[in-house]
Structure formats: C-alpha cells, structure tokens
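Every number here is computed from the coordinates shown, using simple stated rules; none is lab data. None of these values were measured; they are calculated from a predicted model. Here the Cβ positions follow ideal geometry from the backbone for every residue, glycine too, while neighbour counts run over all protein chains shown.
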Amino acid sequence: MATVHLTPHLFTHFPHLSREPLEVEASTVREVTLALERQAPGLGFYLCDELGRLRTHVNIFVDKQMVRDRRGLSDPVERQSEIHILQALSGG
C-alpha cells in the first residue's frame, strides 16, 4: 500500500486521523484522494474543489515529485509510493 504523510495542520481539521502515516490502496493521485475521503469524510473536499481539481493551496508530491496533473489527478502511484500532502499557509 502507498504511504501518505499529511502536514500537521491537517490533523487540526481531521483529529480522528492517526498522526502516523496513512496507508491507502491506489494507482493514481485521484484514487489517493478518494481513499482519504473514505477514511476522513471532508478531507477529499478540503484537497480538491467541486470539479475534482487540486485546490491552489494544496500540493501533493509522489515519491518527491510534485504532481503534474492538478486537474485530473492522473499521476501514477505505485504500491510502495510515498505521498506527501502539503498545504500552503499564508497571511500575516
């Protein structure tokens, strides 16, 4: 299974998730977001907009490479992939 790491801030919004890396069965980034939505309802919508595109304040890396397909999330995920989901924080 692919391993998913979330930024600590996301646990504020989804405290019932384990702080340990999450494991998901997925072959694309889209499937990762759907699997995370099943584990934590609302997380998928936090990551993606109404059209299923990655939100501008979210970046996903698969094996240290930023996803290229932010619209369709078709980037491949391997069984042993390490996925990092980061959100940009702004303000001042």
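Summary of computed values
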{"read-out": "Check: the chain dipole with +1 on Lys, Arg Cβ and -1 on Asp, Glu Cβ, in debye", "value": "260 debye"}
{"read-out": "Counted charge near ALA88, where neighbours are those whose Cβ lies closer than 14 Å (Asp, Glu -1; Lys, Arg +1)", "value": "+2"}
{"read-out": "Ordering of 12-22, 32-42 by packing [mean C-beta count within 10 Å, highest first]", "value": "32-42, 12-22"}
{"read-out": "Semi-axes of the equivalent ellipsoid for the chain, Cα gyration tensor, largest first, Å", "value": "18, 16, 13"}
{"read-out": "DSSP beta bridge pairing in segment 2-87, given as percent antiparallel to the nearest 5", "value": "75 percent"}
